[in-house]
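The values are calculated or read from the model by the stated rules, or taken from the named source; none is laboratory data. Since the model is a prediction, treat every value here as computed from it, not as a measurement. Please note: Cβ atoms are built from the backbone with ideal geometry, for glycine as well, and neighbour counts cover all protein chains shown. Surface accessibility is based on the protein's heavy atoms, side chains included, excluding ligands, DNA and RNA. Shrake-Rupley method; radii C 1.70, N 1.55, O 1.52, S 1.80 Å.
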Amino acid sequence: MASRFFVLGLLFGICLAADPSPLQDFCVTDSTSSVHLNGKACKDPKLVQAEDFFFSGLDIAGNTSNTIGFLVTPATIPGANTLGIVIGRGDFAPNGFSPLHTHPRASEIVLVLEGRVEIGFVTSNPENHLFTKTLEVGDLFVVPKGLVHFQRNVGEANAVTITALSSQAPGLIRVADASFGSDPRIPGDLLAKAFRIDENTERQIQRRFSNMED
Ligand code: MN
C-alpha cells in the first residue's frame, strides 16, 4: 500500500515535505556551534532568555536601490529555530516588484502595511490558472506552497509588506534566473524551444541575465 502511494506521489508530483516537528519546547540557535544538522544546533536551555525569542527592527525600511526596486529584510530570531516559521519585511520602491518565483518548502502569507500591492500565483499544470488580487493597507493574501507567484507595487509611493512563510528554510527559485541565468547555462536551443522563441532572442535574454548585478 505504502509503495502505491509513493508511486502516485511520483506520478502527480505530490510534495509531502514539511519542516519536522520539534521534539522539545524550543531549540534556540547556538550561534557558536559548528555542528551541522537539519536546522541549527540548540543552545543550552538553561542559558535561554526572553531576548532569544525577540527581534526588533522591522520598522526600519530596507534599501530598494537595486534592479528590481524590492528588498526583503528577514527577522533573525534565534528562538524560531526548528519551529517551521519565518517572517520578514518587504520594501517596494515605486514600480518595484518581486519577480516570478516559488518557495519549494513553504506557503506564504502577505500583509500590506503601506501602499498598494498586486499579488498573484499560478496553479500547476494543466490549468495554469492565475489568481491575482490588488491589496490595500490591512489586506492579506496567501500563496500556496510551491506555486509560482509575484508581487508588485501598483501605488504611487513606496509599499511595505510583512511576509511570513511556513518553513524555517522556504527556499527561493526565481523562474527567470533559473531559466536564463543558470551557471553553467542551459543549452540555448533548448531554452528557445521551451519558450517558443528564436535563438537570437534567447541569446539576447541570456546576455541580459549575465550582466545583472544581483
Ligand atoms: Mn514569495
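With the highest mean first, a sort of the peptides 46-55, 27-36 on other beta-carbon atoms found within 10 angstrom per residue produces 27-36, 46-55. Estimated at 0.36 nm per residue, the fully extended path between I109 and T32 surpasses their Cα-Cα distance by 24.5 nm. Comparing I173, T64, G90 along the charge dipole axis of the chain, the residue lying farthest to the positive side is I173, per the Cβ-charge model. Scalar couplings 3J(HN,Hα) for segment 37-53, obtained by applying the Karplus form with A = 6.51, B = -1.76, C = 1.60 to θ = phi - 60°, are 8, 7, x, 10, 5, 8, 6, 4, x, 5, 9, 6, 10, 4, 4, 5, 9 Hz; x denotes Gly and Pro.
How about K40: which aspartates and glutamates have a C-alpha closer than 19 Å to its C-alpha, ignoring those fewer than 8 places off in the same chain? Reachable aspartates and glutamates: D19, D25, D30, E51, D52.
For L135, the residues whose modelled amide H falls within less than 5 Å of its own, excluding neighbours fewer than 5 places apart on the same chain, are V117, E118, I119.
Rounded to the nearest 20 debye, the dipole magnitude of segment 40-121 is 240 debye, with +1 charges on Lys and Arg beta carbons, -1 on Asp and Glu beta carbons, and the Cα centre as origin.
For N81, the residues whose amide H sits under 5 Å from its own are T29, ignoring neighbours fewer than 5 places away on the same chain, with H placed 1.01 Å from N.
Packing, taken as the mean count of other beta carbons within 10 Å per residue, orders the peptides 58-64, 69-75 from highest to lowest as 69-75, 58-64.
In the chain, if the dipole is taken from +1 on Lys/Arg beta carbons and -1 on Asp/Glu beta carbons about the Cα centre, which of A106, Q204, A159 is farthest to the positive end? The residue sitting farthest along the positive end of the dipole is Q204. Using the Karplus relation 6.51 cos²θ - 1.76 cosθ + 1.60 with θ = phi - 60°, the per-residue 3J(HN,Hα) values for segment 111-119 come to 10, 8, 9, 8, x, 10, 10, 8, 9 Hz, with x marking Gly and Pro. Here's how it looks for S166: its modeled amide H is under 5 Å from those of S107, which are all 5 or more places away or on a different chain.
For the chain, the carbon plus sulfur part of the accessible surface works out to 59%, probe radius 1.4 Å. Charging the Cβ of each Asp and Glu at -1 and of each Lys and Arg at +1, and nothing else, the dipole of the chain about its Cα centre rounds to 580 debye. Relative contact order, whole percent, for the chain stands at 20, derived from Cα pairs under 8 Å and 6 or more residues apart. Partner lysines whose Cα lies under 23 Å from the Cα of K193, excluding those fewer than 8 positions away in the same chain, are not found. Electrostatic bookkeeping for S33 treats Lys and Arg as +1 and Asp and Glu as -1; over the other residues with beta carbon under 12 Å from its beta carbon, the sum is 0.
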